[in-house]
Amino acid sequence: MQSFKDELDSNEALTRDYPELCSPLMGTQVKRYVAQSSNQIRQANGFTFMAKGIDAKTLGMKVGRQRPDLLLFDDIEPPEATYSPIEAERRLSTVLQAAFPLNIYARVAIVGTTTMPGSVIDQLRTVGELEGEWLADRERKGSFFLSENGNGNAEIENGSKEIPNSSSISTPFKNTDSPKYWAYEDREFYESLDPELRWVVDAKVRVHYFPAIITNEDGSEESLWPEFWPLEDLNSIRHTRDFAMNYMNRPVSLSADYWQDSDIVIKSAEKYGNTILCLDPAVKTAKTNDYTGIAVHSRGEDGKVYVRHAEGVRIPPGPELKEYVTELCERFNVGLVYVETNQGGDVWKSVLDGVPAKYRGIHNTEKKELRATKALDFYRRGMVVHTSHFDTLQTQMFAYPKVKNDDVLDAVVSGVLYFLGKPQKKPGVKRTSYV
């Protein structure tokens, strides 16, 4: 504890250094702010806090010889209605070329929600999900890169499908610990990213992605913050654009050119009939290839088509893809594997040889937009329903056609048109004479 004499000495020093900021009080001096305004606080002990708009001049900003050692960015992007891809590029340039250089040794925290496809936060979320997928792939192969900052307690997967730690969650910030493995140290991961996303790795920005709904290792789901967002309430709005954008941080275009919230109906059938697995495959084996879209459709007793499974996976063509398709065929009792052969041709027949279902290839000649329009018509006539919430599929539906990856949607459209796109035979009258 500071002695009374020491306190007097410190006050004397304060009076000597900042005489204009001290006033008599009971024979001693009291500390005052060195500066205080609506956007700045400076205290006599050297602490300085400064708040500025992201577009304000910040380059070279310092107090005396002191540069900031902590940079906080909070919701630096406007809504999509007042934003554009060009402005997003400029905003990123401001962050990287004006704000970050304030102190190359400063700690940085960027917090925000997705406001537009391709926004700064959307790019961060994308890299975070890709890192989770990469680490999951490395876990299966048993090859990792240790992170120097890892705490050794977190689980591996931290992507869009799974979040570390499957125990009960009581705070939305429980999963902020760094995983013990860091994909950034792997050059192959860096090269797998699109060039416009590599700045995240170059700037060494660690992404912590918090989807509102978490999928556990056993396939069960729970709310990220159940006390505030009960899972039942989240599921009631899960089919909407608002949920995709503001709760899952997945970009959704405001244009709404094709699918609307009301087009997605979640319902299960008591019994399923003919079942097909539709495959929109990627032809490259590198990690930079597109996703392979997979969807499973079944005909219900009511004549409707039920989408029972829809996902995008990065699996190269070969034994691994065959094994995964075989697993799905057995799980859903698939009778036909329906493959788009526009890329790869007949090679898919040999890749999938031995799968426990018939094989049929289809070379589509119609434009994607036309096929999507036909499938959308069946959705709006109530002929297509989903048996679950397929987040990736719904994101592609809502953003279409302004979406980078539409592989899952392509697979779903193929299945819908397989069942419902064929011309129906008109019923006729047959007369039989027994004379």
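The values are calculated or read from the model by the stated rules, or taken from the named source; none is laboratory data. In this text the structure is predicted, and so the values were computed from the model without any measurement. All Cβ positions, glycine included, derive from the backbone under ideal geometry; neighbour counts span all protein chains shown. Ligands, DNA and RNA are excluded from the accessible area calculation, which covers all protein heavy atoms including side chains. Shrake-Rupley method; radii C 1.70, N 1.55, O 1.52, S 1.80 Å.
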Discussion item. Using protein chains only and a probe of 1.4 angstrom, how many square angstrom of Met61 are accessible, to the nearest 10?
Written reply: 50
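Fully extended, how many nm does the chain gain between Glu217 and Asp242 (0.36 nm per residue separation, minus their Cα-Cα distance)? Intermediate results must be reported in sequence, preceding the final value.
On the way: separation 25, 0.36 × 25 = 9.00 nm, distance 2.66 nm.
Extending this stretch completely gives an extra 6.3 nm.
Take the Cβ-Cβ distance between Glu139 and Tyr324 as r, set R0 to 22 Å, and report the resulting FRET efficiency rounded to the nearest 0.05.
Values: r = 16 Å, r/R0 = 0.74.
Given R0 = 22 Å and the Cβ-Cβ separation, E is 0.85.
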Fill in: Approximate spin-label separation Gln43-Leu96, in nm, with each point projected 7 Å along Cα-to-Cβ
3.6
Worksheet item: Gain in length, Glu227 to Asp261, computed as 0.36 nm per residue apart minus the alpha-carbon separation, to one decimal in nm?
Response: 9.6 nm
Worksheet, complete the sentence: One finds, for Leu370 and Val111 with R0 = 45 angstrom and r their Cβ-Cβ distance, a FRET efficiency to the nearest 0.05 of 0.60
Discussion item. Tell me the accessible surface of Thr387 in square angstrom (1.4 angstrom probe, heavy atoms of protein chains only), to the nearest ten.
Written reply: 30
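Given 0.36 nm per residue, what is the gain on full extension from Tyr190 to Ser388 after removing their alpha carbon distance, in nm?
Working: separation 198, 0.36 × 198 = 71.28 nm, distance 3.38 nm.
Between Tyr190 and Ser388, full extension yields an extra 67.9 nm.
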Discussion item. For the pair Lys52/Gln343, report the inter-label distance in nm, with labels modelled 7 Å from Cα in the Cβ direction.
Written reply: 4.4
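How high is the FRET efficiency from Ile86 to Asn405, r the C-beta distance, R0 25 Å, rounded to 0.05? Working shown, then result.
On the way: r = 22 Å, r/R0 = 0.89.
Computed FRET efficiency for Ile86 and Asn405: 0.65.
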Item to complete: Just list whichever of Lys374/Lys402; Lys204/Lys402; Lys368/Lys402; Lys57/Lys402 have alpha carbons separated by over 24 Å in the model shown.
Response: Lys204/Lys402; Lys57/Lys402
Discussion item. Per-residue counts of other Cβ atoms within 10 Å, averaged by peptide: what ranking do you get for 195-206, 42-53, highest first?
Written reply: 195-206, 42-53
Worksheet entry | For Val108, net neighbour charge (Lys/Arg +1, Asp/Glu -1) across residues whose Cβ lies under 14 Å away | +1
Worksheet item: Among the aspartates and glutamates, which fall within straight-line cross-link reach of Lys271, defined as a Cα-Cα distance under 18 Å, with same-chain neighbours fewer than 8 residues apart omitted?
Response: Glu301, Asp302, Glu330
